[in-house]
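Shown next, in structure tokens, is the structure this report addresses.
No lab work stands behind these numbers, since they all come straight from the coordinates. Every value quoted in this text rests on a predicted model; they were computed, and no experiment measured them. All Cβ positions, even for glycine, are placed from backbone atoms using ideal geometry, and neighbour counts span all protein chains on display.
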Amino acid sequence: MFKQSGSETSIPGILQLAIAFMSLRESRDIFCKFCIKDVLIADNEKSHYQGYKMNMDMMIKTLQKRFKKVRDEMERWEELQSRLVSQFSNAASIIGRLEVLKDIKNYGNLSCIDGIQEAVLNKQMDSLQNIFLLMKDTLEELHGITLSLGKIHRDARQLIEGGSNQLGSKQLHLQIGVKPTLAYCLDGLKQLHEMHQSEYNLKTSLFSGLSVLTLKPNPNDLSTLQQLLIDQPNIPKEEVETLFQNIFAEDD
């Protein structure tokens with residue numbers, strides 16, 4: 001037993017205090033280490049997310065550039081559409097006159113001129129054939145646009161899904177802010193290609209129908225074909241506008 005200032009303190013008691021103090025320090029150090037580790041993990045996850053977000057933003061911007069190319073092709077399509085409608089209208093007008101021109105009674109005083117009927121009919125048929133050739137050229141240009149839209153979609157899909165990227169379904173459908181997902185972008189490119197491909201197929205069918213009506217004109221059929229050509233039912237305007245609005249949506 002040791003005496004200090006009138007009090008007694010045992011050696012085992014001092015050891016217990018020392019051990020308790022050391023345990024407290026060790027606990028504090030361990031706690032601090034865990035805290036630091038958690039902070040490092042959080043910082044690492046944050047850094048990883050920021051890097052992933054930057055990568056996603058870059059991919060979205062790349063796809064937006066593809067949509068700008070699509071928009072350029074669609075503007076060209078509308079120019080060709082206007083041209084085709086005009087050509088179709090001119091051809092329909094000639095076809096609508098053929099039945100009248102085949103009846104010599106409709107020539108009035110000109111009917112006394114030898115060969116007038118044949119000459120007029122031949123002239124009209126020549127004009128009609130020239131219009132048909134122009135329409136074929138226009139359709140060929142429209143076909144070129146459908147091929148271009150298909151290539152844009154394939155290249156974009158290869159960029160996102162192929163190569164070293166190999167993004168999973170979760171990443172393809174992950175949305176950051178108001179920007180579209182990668183899956184939405186790819187699906188949008190596919191839809192636009194399919195819309196224009198279907199519309200091109202319809203136009204070629206309408207052209208074939210117009211050619212058939214040359215042999216047996218029918219005003220109602222001509223009007224129906226022309227209205228279908230004008231309406232472009234396979235390319236719904238509101239749906240296309242909504243698609244582009246979503247593609248180019250930006251965070252505030």
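Numerical summary
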| quantity | calculated |
| --- | --- |
| Cα convex hull of the range 36-248, projected area averaged across orientations, nm² | 14.8 nm² |
| Student exercise, the range 36-248 dipole from Lys, Arg, Asp, Glu Cβ charges, in Debye to nearest 20 | 540 debye |
| Selection from Thr224, Val240, Val120 lying farthest towards where the dipole of the range 105-252 points positive, charges on Cβ | Val120 |
| Pairwise label distance in nanometres, Asn201 with Met58, each label 7 Å out on the Cα-Cβ vector | 3.9 nm |
| Kirkwood-type radius of the range 133-235, with distances r between different C-alpha atoms, in Å | 16.3 Å |
| Subset of Lys68/Lys190; Lys68/Lys237; Lys68/Lys136; Lys65/Lys136; Lys65/Lys203 violating a 26 Å alpha-carbon distance limit | Lys68/Lys136; Lys65/Lys136; Lys65/Lys203 |
| FRET efficiency, Gln175 to Arg76 (Cβ-Cβ, R0 41 Å, nearest 0.05) | 0.85 |
